[in-house]
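Worksheet for the structure shown next.
No value in this document is a laboratory result; all are computed from the given coordinates. Not measured: the values here are computed from a predicted model. Neighbour counts run over all protein chains shown; Cβ positions are idealised from the backbone, glycine included.
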Amino acid sequence: GAGVSQTPSNKVTEKGKYVELRCDPISGHTALYWYRQSLGQGPEFLIYFQGTGAADDSGLPNDRFFAVRPEGSVSTLKIQRTERGDSAVYLCASSSGTSGSHQETQYFGPGTRLLVL
Amino acid sequence: AQSVSQHNHHVILSEAASLELGCNYSYGGTVNLFWYVQYPGQHLQLLLKYFSGDPLVKGIKGFEAEFIKSKFSFNLRKPSVQWSDTAEYFCAVKGENNYQLIWGAGTKLIIKP
């Protein structure tokens, strides 16, 4: 596609439920990132994929959060036993991942706004 | 730990005024620096970036930023703002691990017509 897409755009769930958030990166981009943005703050890094593997998951807040990218394209962020504090906008970004250097631009999707009641 | 500080959370200007948004970061090594913009109802878009070379970087829509290494700063400027520049502006630094962006809290800019 032309840009990064994320679904759903909004998700309302109840405390304790399980949610999945989907990200479709720009076609051909091998690097994919998840960030979380709470109200009034800048995004915070969660996890980075290079291809199918999670190269860095150091930003995941706890073991209720998990992300996969089984075929190296679409990624799913999974949150178990949701808590009210998980309410935020979850952003996905992708970059080409081909340069092997740090000089890459990350392109962002519109985000999924998660509200945990 | 690396961090990014944006000095103003809210800025209100009239059209044609000059703009400067401050951004300071803490990291002593090689940095990549970015300004992203988020217009109302839209997603984050890259405004400009600095990787190396000329410290004065030109971006889209007449924006520019200057990297001053000695001051750990990357301030965003525009000589004459327009109503359509109303948006939230984020400064970000790429950390030493080469892919994780560290973000400031953002500055909400409102341009009065």
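Odds and ends about this structure:
- Top-ranked residue of the range A:80-97 - restricted to ones that are within 18 Å of A:GLU14 (Cβ to Cβ) and of a type outside the set (S, T, N, Q), ranked as surrounded by the most Cβ atoms within 10 Å (Cβ to Cβ): A:TYR90
- Qualifying residue in the range A:14-32 (condition: within 10 Å of chain B (Cβ to nearest Cβ), under 27 Å from B:TYR89 (Cα atoms) and surrounded by 15 or more Cβ atoms within 10 Å (Cβ to Cβ)): yes
- Filter pass, B:LYS61 being part of a strand (DSSP E or B) and either more than 11 Å from the chain's Cα centre (by Cα) or surrounded by 11 or more Cβ atoms within 10 Å (Cβ to Cβ) (or both): no
- One residue from B:VAL11, B:VAL37 being outside any loop (DSSP other than H, G, I, E, B), touching a strand residue (DSSP E or B) at 6+ places or on another chain (Cβ under 6 Å) and within 14 Å of chain A (Cβ to nearest Cβ): B:VAL37
- Qualifying positions in the range A:50-76 - among the aliphatic types (A, V, I, L, M) and within 14 Å of chain B (Cβ to nearest Cβ): A:ALA54, A:ALA55, A:LEU60
- Of the residues A:LEU77, A:LEU60, the single one that is without any contact (Cβ under 8 Å) to a residue 60 or more places away in the chain, surrounded by 14 or more Cβ atoms within 10 Å (Cβ to Cβ), aliphatic (A, V, I, L, M) and closer than 17 Å to A:VAL12 by Cα is A:LEU77.
- Total residues in the range B:86-113, condition touching a residue at least 60 places away in the same chain (Cβ under 8 Å) and either farther than 16 Å from B:GLN6 by Cβ or within 14 Å of chain A (Cβ to nearest Cβ) (or both): 19
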